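Bear in mind these aren't lab numbers, they're just calculated from the coordinates by the rules spelled out. Computed from a prediction, not measured in an experiment: that's the story for all the values here. Cβ: placed from backbone, ideal geometry, glycine included. Neighbour counts: every protein chain shown.
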Amino acid sequence: MDSELYSMLNLYKSKNRALSVQDVMLLMDSTDTEVWPPIKNLFDSGYLHVVGGYVAEDGSIAVDTKLRITYAGELALRENARSKKLNFWTEFRAWATLAIALIALIVSIVSLLL
C-alpha cells in the first residue's frame, strides 16, 4: 500500500465514520479526479464497503454514497504501521553498524600509525 492509499484509508479509521467521495474531497481539499481512483481501488480491494447506498452493476459508486472501513482495511492500516516501524528500526541498526565499523577502522588505522 502506497502512502496515498494509506492516508486515504486513514481518513476512515474511526469506528463509526462513514464518508462519501464528496466528504473526502472536502477533507483533503482535492478534486474528484484526484480522490476517486484511490477510493475505487480501496473499495475494489475490500478495504471499504458501502453503507446506506448501493453499487451499480458496473461497479460504480455514486459520489454521495457513504463508505466505511472494513475489518480488512483496519488490518491493512495496522500492517502498514507495523511495517513502517520495523523498517525504521532496520535502518537504524544498519546505520549504527556502519558507524561502529567506521569507528573501528579509524581506531585501527590510528593504532597502526602510533
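Listing for the model above:
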{"item": "Contact order normalised by residue count of region 3-84, Cα under 8 Å, 6+ apart, percent", "result": "37"}
{"item": "Summed residue charge, Cβ within 11 Å of Val51's Cβ, Lys/Arg positive, Asp/Glu negative", "result": "+3"}
{"item": "Where N is the number of residues in the chain, Cα Rg divided by 2.2 N^0.38 Å", "result": "1.72"}
{"item": "Selection of chymotrypsin sites (Phe, Trp or Tyr not before Pro), region 1-70, meeting DSSP coil and at most 11 other Cβ within 10 Å", "result": "Tyr54"}
{"item": "Charge dipole (debye, nearest 20) of region 4-114; +1 at Cβ of Lys and Arg, -1 at Cβ of Asp and Glu", "result": "720"}
